[in-house]
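What follows is one structure encoded as structure tokens, with my remarks underneath.
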Amino acid sequence: MLRLGILVSGGGTNLQSIIDKIQNGYLAGCGIVTVVSSKTGVYALERAQKHNIPSAVISKKSFGSMEEYDSALIAHFKQYEVELVVLAGFLSMLGQAFVDTYRNRIINIHPSLIPSFCGKGYYGIIPHQKALEYGVKVTGATVHFVDLEYDSGPIILQKAVEVKPDDTPESLQLRVMQEAEWELLPKAIRLYKENRLILEGRKVRIE
Ligand code: GAR
């Protein structure tokens, strides 16, 4: 079984899409061994509890330094023998030691077509607000490997989603989730499980 450790910060709809796809067999051979939230009281934690998945809150604020926070995260993921780390709406930053420990084994979903509307400060609803302000006709979602910069690692999958003239940030966010995110993140996990993601420099070839 591919042991997944999921990092969350919010409602957890992307976590739910992974749970659903494990249950319906699309992600056969994968299991979520731990869900770690950067915040207390988020609905993602309730989703984990409902499905009897061990969960924990590990918050940067409770540690004196990035190094201590990173060490706590690494210790937790090692305890659960996590093989692939999935950032599913995780809005905190990971440190050098964590990224080094899980190099090429951390993936993230971002709600835009990278390199548009990404980087520091672009998270949650903000990429959708910025896309509407800019007036783009198409946006989407991206799954990528994680490195030390925001949203900069090699791109695994992208899917475009139409922007409609009467969209609000909320309606656009929901359409991007429904049409792209909930499909792409499980798909990337499945490709990883099947050893079909081949890293060639900063590019990912899908076999
Ligand atoms: C999702 O739209 C995800 O792409 C985004 O946060 C939302 C979390 O929703 N992630 C980022 O912005 C990361 N930079 P969820 O908690 O319902 O999965």
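Data table
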{"quantity": "Region 147-156: number of residues that are more than 18 Å from Tyr123 (Cα to Cα) and within 15 Å of the ligand (Cβ to nearest atom)", "calculated": "1"}
{"quantity": "Selection count where residues are in a loop (DSSP other than H, G, I, E, B), of a type outside the set (A, V, I, L, M, F, W, C), surrounded by fewer than 17 Cβ atoms within 10 Å (Cβ to Cβ) and modelled with pLDDT of 95 or more, scope region 128-153", "calculated": "2"}
{"quantity": "Among (1) in contact with a strand residue (DSSP E or B) (Cβ under 7 Å, 6 or more places away or on another chain); (2) at positive phi - the single one Gly25 does not satisfy", "calculated": "(1)"}
{"quantity": "Selection within region 106-127 - without any contact (Cβ under 8 Å) to a residue 12 or more places away in the chain and buried (at least 22 other Cβ atoms within 10 Å of the Cβ)", "calculated": "none"}
{"quantity": "Any hit, region 165-174, residues being in a helix (DSSP H, G or I), modelled with pLDDT of 95 or more, more than 10 Å from the ligand (Cβ to nearest atom) and acidic (Asp, Glu)", "calculated": "yes"}
{"quantity": "Identity of the residue in region 90-127, outside any loop (DSSP other than H, G, I, E, B) and within 9 Å of the ligand (Cβ to nearest atom), that ends up farthest from Phe63 (Cα to Cα)", "calculated": "Pro127"}
{"quantity": "Odd one out for Leu45, checked against (1) part of a helix (DSSP H, G or I); (2) surrounded by fewer than 16 Cβ atoms within 10 Å (Cβ to Cβ); (3) touching a Ser or Thr at 6+ places or on another chain (Cβ under 6 Å)", "calculated": "(2)"}
{"quantity": "Subset tally (residues that are more than 12 Å from the ligand (Cβ to nearest atom) and at negative phi) for region 130-146", "calculated": "8"}
{"quantity": "Region 54-111, residues that are in contact with a helix residue (DSSP H, G or I) (Cβ under 9 Å, 6 or more places away or on another chain) and among the small types (Gly, Ala, Ser)", "calculated": "Ser55, Ala56, Ser59, Ser62, Ser71, Ala72, Ala88, Gly89, Ser92, Gly95, Ala97"}
{"quantity": "Selected residue [more than 16 Å from the ligand (Cβ to nearest atom) and hydroxyl-bearing (Ser, Thr, Tyr)] from Ser71, Ser37", "calculated": "Ser71"}
{"quantity": "Matching residues in region 184-207 - criterion: being part of a helix (DSSP H, G or I) and touching a residue at least 60 places away in the same chain (Cβ under 8 Å)", "calculated": "Leu184, Leu185, Pro186, Ala188, Ile189, Arg190, Tyr192, Lys193"}
{"quantity": "Which listed residue is of a type in the set (A, V, I, L, M) and free of Cβ contacts under 8 Å to residues at least 24 places away in the same chain, from Val161, Val138, Val99", "calculated": "Val161"}
{"quantity": "Region 3-20, subset within 13 Å of Tyr80 (Cβ to Cβ) and of a type in the set (A, V, I, L, M, F, W, C), residue surrounded by the fewest Cβ atoms within 10 Å (Cβ to Cβ)", "calculated": "Leu4"}
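The values are calculated or read from the model by the stated rules, or taken from the named source; none is laboratory data. Since the model is a prediction, treat every value here as computed from it, not as a measurement. We place every Cβ from the backbone using ideal geometry, glycine too, and count neighbours over all the protein chains shown.
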